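The next block holds one structure in the form of structure tokens; read it before the comments.
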Amino acid sequence: METAMLSCQHLQVHISHHVILHRINLAVQHSEIVCVVGPSGCGKTTLLRAIAGMVPVSAGQVLLEGVNITRTKPERRPVVMMHQEALLFPHMTVIENITYGLKLQKIPKKERERQGMQMLNRVEMADYENVYPHALSGGQQQRVAFARALITKPKLILFDEPFSSLDPLLRRSLGMWMKGMLKEEGMTALFVTHDKEEAMMLSDRVAVMVEGAIHQIGPPLDVYQRPLSVETAVFFSEGMLLDNRFFITNDAFTITADSSTLKEKKLVFKGHIAGKWLRSGQLFYHIVLDTESQELILPGEATFSTGDKVFIEAPEQAVVDLEEIR
Amino acid sequence: MKSFIRRTMKITVLTLIVVGLLAPFLILGMSSFAHEWRWPQLLPASFSLRAWTVVFQDSQLWEALFVTAVIGMLVIVLNFLLGLPAGRALAYEEFKGKSLIETLLLLPILVPSLAIGMGLLFTAIRLGMADHWIGVVLIHLVPTLPYTIRILRAGYENIGWKYEEAARNLGASPFTVFKTVTFPLLFPSIRAVAALSFVISISQYVLTALIGGGQVITLAMIYYPYVSGADRPVTAAFSLLFIVLTIALLLMFESLFLRSRKKV
């Protein structure tokens, strides 16, 4: 197998005696987009900062194309990080911001500006060459920051929730646009987000991280449908957790109005409709179960009203025993 | 109608502010050239260059000007060398005893400088720095450094460490980060520090007299005797000289910065 672009081996980070990252093992292949997804405070950002060289690593190592960069200074790592804020330098114009990295590489001014303009065109910001960052909108700033990162031709781009300060609609479109650019350039990227829909949309593989440890890595739909641990089931997948051990994903459930149509070999739960709404042309029901004190959000074909008693059923083979897997 | 009243009020207030700021300088300027100016005359009855002649004929003036400027600039340099790292650490780092250090740094402003000066005089004598300009430069740090650190700390806090991190990420060494990102963003604070420490340094009398032991003659050393001499025109002329010195320094600083900006 060819060497991975990025490989974290038993990576550990302590910050003043607190273990932030527990022996992280993570490999990202060439031109692959991996999304680390987890609740806030789980150590996602620290992982990116450790890879970028901003936090000292206490044990383990970071390899980039097989080269150990664990002790390399941040400015010597061919890795660029993008943050929640665009962090464009406020005293420089858009073109000066974009060519900053090239200037550090001592590329002559003419060449710098040529590449900068080319990049500005690619991110559809050509008209803003001499504008200062404060005059740009949040989405435009992120695009310029993206161009500033891309122009240095890094081996790896790290994204720390780059869209979280944007409004939801822009967030999706900018995310898909950036993914398109990354794929076009054949760029390797490691995203970090707490938004699992965003993770599913952007990534080739997701890594679920809870409390400083990675619990599962795989293609997004696989991880969603076959969670291997309670943490993954609760955080990434959606479904019903029974006895903190058995898990049924939402897509196995159907809603029915009466129990007489129930067939054998099915699990049935009683509940009532707490609310409903339409989204992308699909009806969704918010169902509160009578017994399990759990709530589910399920799509439904039939029409129910709020307050209706309903049954939800799932085939027995849909039940996953998380403990057995472990 | 309402807007007319508002405009008139605005103009009146602005005029008052400008007059309030400029009037002292005008009066200083006039009295430095006044020959006879007694109450209740609104303007001097006659003018003369006597005060300025006295000032410029002082045998020690040129040397004092030179010594003052050199000491002032060294004080600025030392303030930056010590204040930049200290301000940065106080703004970005969390460590034990941080609030204690903050209080300690404030003390030189709170305790009368004469008391500190007396104590430091003995140290200076022991180190052989008394009666020497090096000692004077060092003692001028006492009334300047606390302000410097506070100003630079606030400046750093305003910028935040994230821009520095972004720059390093793009391949800049710590020194390049300072040159291309931190310094330009911090410039308002840096300018304030330069002006403030220079002004404080050139107007030190007690500390300079104490540590300099009368051997280090700065502008303040020849200025103060004239003040007690009650020769108003000469005092006024000296005061203006002080102001000119400060403005000259600020202009120099500004042009240096403009030139460095153009290169970028």
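The values are calculated or read from the model by the stated rules, or taken from the named source; none is laboratory data. All values reported here derive from a predicted model rather than from experimental measurement. Note: ideal-geometry Cβ built from the backbone for every residue, glycine included; neighbour counts use all protein chains shown. Areas reflect the complete protein model, heavy atoms only, side chains present, ligands, DNA and RNA absent. Shrake-Rupley method; radii C 1.70, N 1.55, O 1.52, S 1.80 Å.
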* Semi-axis lengths, Å, chain A, gyration tensor of Cα atoms, sqrt of 5 times eigenvalues -> 43, 25, 15
* Structure fact -> XL table A:Lys103/A:Lys183; A:Lys276/A:Lys309; A:Lys109/A:Lys179; Cα-Cα > 22 Å flagged, in table order, is A:Lys103/A:Lys183; A:Lys109/A:Lys179
* Asked: Hey, what do the phi angles of the stretch A:55-62 turn into as Karplus ³J(HN,Hα) couplings, whole Hz, using 6.51/-1.76/1.60 and θ = phi - 60°, x for Gly and Pro?
  -> 10, x, 8, 8, 7, x, 8, 10
* For chain A: relative contact order, % (alpha-carbon pairs under 8 angstrom, 6 or more apart) -> 17
* **Degrees between helix B:98-110 axis and first principal axis of chain B (Cα, 0 to 90, nearest 10)** => 10
* **For the protein assembly as shown, share of DSSP beta bridges that run antiparallel, in % to the nearest 5** => 75
* Output the antiparallel fraction of DSSP beta bridges having both residues in chain A, as a percent to the nearest 5. => 75
* To do: Enumerate the amide H contacts of A:Phe191 below 5 Å, restricted to partners 5 or more residues apart or on another chain; note that Pro and chain-start residues carry no placed amide H.
  => A:Val34, A:Cys35, A:Val36, A:Phe159
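From the gyration tensor of the Cα coordinates in the protein assembly as shown, what semi-axes in whole Å does the equivalent ellipsoid have, largest first, with each one equal to sqrt(5λ)?
68, 28, 25
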* Could you tell me the largest-minus-smallest coordinate of the C-alpha atoms of the stretch B:2-48 on each of the three principal axes, in descending order and whole angstroms? => 49, 18, 12
* To do: Using a 10 angstrom cutoff on alpha carbons, build the Gaussian network for chain A and name the most mobile of A:Ser58, A:Ser293, A:Ser203.
  => A:Ser293
* Asked: What residues qualify as long-range amide H neighbours of A:Leu283, i.e. H under 5 Å apart, gap of 5 or more or another chain, H built at 1.01 Å from N?
  -> A:Gly300
* By how many degrees, between 0 and 90 and to the nearest 10, does the Cα long axis of helix A:109-122 differ from the longest principal axis of chain A? -> 20
* **C-alpha long axis of helix A:168-185 to longest principal axis of chain A, angle in °** => 60
* To do: Report the far tail of the P(r) of the stretch A:106-173, meaning the percent of Cα-Cα pairs longer than 13 Å.
  => 69
* Asked: When the C-alpha atoms of the stretch A:156-291 are aligned to their principal axes, what extent does each axis show, in angstrom, from largest down?
  -> 57, 34, 23
* To do: Grab every C-alpha pair in the stretch B:59-263, bin the distances at 5 angstrom width from 0 up to the longest one, and report whole percents.
  => 1, 7, 13, 16, 17, 15, 12, 9, 5, 3, 1, 0, 0
* **Accessible area of chain A divided out per residue, in Å², using a probe of 1.4 angstrom** => 48
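Students often check this: by mean Cβ neighbours within 10 Å, which of A:302-313, A:135-146, B:6-17 ranks highest, and how do the rest follow? Spell out each step's value before the answer.
Numbers: A:302-313: 14.1, A:135-146: 19.7, B:6-17: 10.0.
Those peptides, ordered most packed to least, come out A:135-146, A:302-313, B:6-17.
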